[in-house]
């Protein structure tokens, strides 16, 4: 088995897990479960970091995959892709600032950052799964 070839599936799984952890962490903080929220969000950060390692490894060692869908689905795919990639790249520093504010218990700063960072982080996670499904499962060459 070519380990590099399974990395896109690993990445999609990590993105899905990160999305679930982000949702859970949001629910926990809204319920006042701050300690659980902190642990869950640190897990989301760890899963996202693992994703980044796998993603960079795949793109350094793997073959480029072409999207073969045609018509309307092609437009959808490229819209998702062109919003996903820059947001994913741009979100690394804000996510780290958010985590730092939470860890150092700068709660007001953390809350302000979270209002922006959380929805974008969730969007990036879920669109990562959609890109995988469209590129590798539904319309892969």
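Does residue 86 fit the bill of being farther than 20 Å from residue 30 by Cβ, free of Cβ contacts under 8 Å to residues at least 12 places away in the same chain and under 16 Å from the mean Cα position of the chain (by Cα)? Yes. Within segment 8-41, being over 9 Å from the mean Cα position of the chain (by Cα), touching a residue at least 60 places away in the same chain (Cβ under 8 Å) and closer than 22 Å to residue 116 by Cβ holds for 22, 23, 26, 38, 41. Tell me whether segment 116-126 contains one or more residues that are modelled with pLDDT of 95 or more and exposed (fewer than 14 other Cβ atoms within 10 Å of the Cβ). There is at least one residue in segment 116-126 that is modelled with pLDDT of 95 or more and exposed (fewer than 14 other Cβ atoms within 10 Å of the Cβ). Is one or more of the residues making up segment 64-85 within 17 Å of residue 11 (Cα to Cα) and not in a helix (DSSP H, G or I)? Checked against the condition, which is being within 17 Å of residue 11 (Cα to Cα) and not in a helix (DSSP H, G or I), segment 64-85 yields at least one hit. Against the numbered list (1) in contact (Cβ under 8 Å) with a residue 40 or more places away in the chain; (2) within 19 Å of the chain's Cα centre (by Cα); (3) surrounded by fewer than 15 Cβ atoms within 10 Å (Cβ to Cβ), residue 5 comes up short only at (2). Note on segment 108-141: residues that are within 23 Å of residue 33 (Cα to Cα) and in contact with a helix residue (DSSP H, G or I) (Cβ under 8 Å, 6 or more places away or on another chain) amount to 10. Selection over segment 51-64 of residues that are surrounded by fewer than 15 Cβ atoms within 10 Å (Cβ to Cβ) and within 29 Å of residue 25 (Cα to Cα) gives a count of 3. Looking at segment 14-50 only, could you name the residues that are surrounded by 14 or more Cβ atoms within 10 Å (Cβ to Cβ) and outside any helix (DSSP H, G or I)? Within segment 14-50, just 33 meets the criteria.
The values are calculated or read from the model by the stated rules, or taken from the named source; none is laboratory data. All values reported here derive from a predicted model rather than from experimental measurement. Quick reminder, even Gly has a Cβ in these numbers, built from the backbone with ideal geometry, and neighbours come from all protein chains shown.
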